[in-house]
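Report on one structure; see the data block that follows.
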């Protein structure tokens with residue numbers, strides 16, 4: 001970050017002028033440094049939803065919404081999704097570079113061995129009704145982790161930060177699987193250190209007590225390589241996404257000095273919202289509501305009617321004003337899955353018809369309403385036999401590494417301070 005120019009603001013009420021430095025990043029829009037604005041003018045800036053406010057400087061993730069670009073540590077998401085595993089992306093986000101073969105092996109083994117959860121934590125789930133939504137019990141369990149690992153971290157000890165990060169990344173899939181199986185009232189399956197990160201999670205979701213998998217028609221009990229690749233790709237696409245709502249919450253809680261796992265739990269709670277991580281659940285619900293291809297045109301008309309409150313789910317994005325690059329990747333993955341897995345043909349047909357109309361209709365094109373990641377991810381997760389209530393926990397598993405990386409970056413930033421937005425008071 002460097003300062004080479006400034007901007008002069010004029011108060012037209014009295015003619016006073018104030019000069020503020022312009023900070024230039026390595027990519028993306030420059031920012032005006034307004035940290036002294038209140039002291040200079042006695043006024044606040046007003047930016048509901050922080051649509052024009054940079055709350056931090058970061059080296060983790062870059063998005064160019066106009067071009068439809070997403071990079072982790074400078075590497076395009078397309079390259080990571082195609083050529084690297086989720087754990088490689090985790091290592092990249094935490095360490096600033098991709099691992100070599102030995103580093104990846106060590107990292108993988110550590111994640112496998114840390115996947116077990118404390119026995120005492122298992123009793124927490126018993127206190128919840130067996131119909132609890134997995135997101136509620138998952139959030140509570142992550143908060144409870146701070147009781148089992150409550151020692152404060154050394155602010156300048158990188159090894160402690162990484163140990164904390166590796167622990168939560170490894171345990172989140174186990175907690176998510178336990179939360180899901182508890183919601184069904186069925187026994188939990190412990191982690192298997194002989195399985196990779198993603199295969200292990202699918203096994204904890206699907207296996208019967210004793211680790212047995214349901215036999216397929218060919219008599220084999222296995223999870224296909226394409227299924228593992230598909231879910232691993234989804235984890236990678238969700239790993240980080242700059243300063244979104246849940247990441248902002250994580251950084252905000254981090255600013256108070258709270259335990260990192262409490263900050264992560266807060267991010268989980270924020271992600272649960274239908275406008276954020278729960279959006280792909282809404283996509284599937286809407287496709288089921290539409291019901292048939294013949295009814296698509298009716299609902300497209302409703303979406304275009306300014307007097308109708310109906311909103312087409314899975315289209316448009318707060319940041320991307322072009323095609324969401326993650327959606328492009330999942331579109332290709334969905335086509336691959338058609339060849340191997342039995343997809344819900346009716347849902348696929350409905351989704352395909354909606355997509356076809358939206359990509360060729362001036363109403364959607366002029367408003368930049370392109371299919372986003374949620375439009376495709378719900379269908380793929382359904383193909384992977386992931387129940388709808390687990391869609392958002394899947395998001396949590398992928399995003400945990402991003403939250404942790406953002407937490408570490410915040411704690412290491414000498415300019416960081418407690419989050420304290422101001423307001424425009426309009427009351428009595």
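Per residue of the chain, the DSSP helices (runs of n ≥ 4 H) give a summed -39500 (n - 2.57) that works out to -16000 deg cm²/dmol at 222 nm. Within the listed set 75, 32, 268, the residue fluctuating most in the Gaussian network model of the chain (springs between alpha-carbon atoms under 10 angstrom) is 32. Averaged over residues, the count of other Cβ atoms within 10 Å places the peptides 183-192, 231-240, 119-128 in the sequence 231-240, 183-192, 119-128, highest first.
With the convex hull constructed from alpha-carbon coordinates only, the stretch 1-45 shows a mean projected area of 3.5 nm² over all directions.
Here residue 113 and residue 208 are evaluated by their C-beta separation; at R0 = 22 Å the FRET efficiency comes out at 0.35. Between residue 22 and residue 288, the contour length at 0.36 nm per residue exceeds the alpha carbon distance by 90.8 nm. Full extension of the chain segment joining residue 413 with residue 162 gains 88.7 nm, where the gain is 0.36 nm per residue of separation less the Cα-Cα distance.
Tell me, how many Å apart are the Cα centres for the stretch 99-128 and for the stretch 183-198? Answer, in whole Å: 11.
Were the residues from residue 5 through residue 229 laid out at 0.36 nm apart, the gain over their Cα-Cα distance would be 75.9 nm. Neighbour counts of C-beta atoms inside 10 Å place 395, 197 in the sequence 197, 395, starting with the fewest. Distance between the 7 Å Cα→Cβ label points at residue 56 and residue 426: 3.0 nm. Here the residues 391, 46, ranked from fewest to most Cβ neighbours within 10 Å of their Cβ, fall in the order 46, 391. Using a simple spin-label model with pseudo-atoms 7 Å out from Cα toward Cβ, residue 360 and residue 338 lie 1.5 nm apart. Averaging over all projection directions, the Cα-based convex hull of the stretch 50-428 occupies 21.7 nm² in the image plane.
As a length-normalised measure over Cα pairs under 8 Å and 6 or more apart, the relative contact order of the chain settles at 19 percent. Distance between the pseudo-spin-label points of residue 311 and residue 192 (7 Å out from Cα toward the beta carbon): 4.2 nm. For the pair residue 100 and residue 256, a Förster radius of 45 Å applied to the C-beta separation gives a FRET efficiency near 0.75, rounded to the nearest 0.05.
Every read-out reported here was derived from the displayed coordinates using simple, explicitly stated rules and does not represent laboratory data. Note that the structure is predicted; figures quoted are calculated from it, not measured. As a convention, Cβ positions derive from the backbone with ideal geometry for all residues, glycine included, and neighbour counts pool all protein chains shown.
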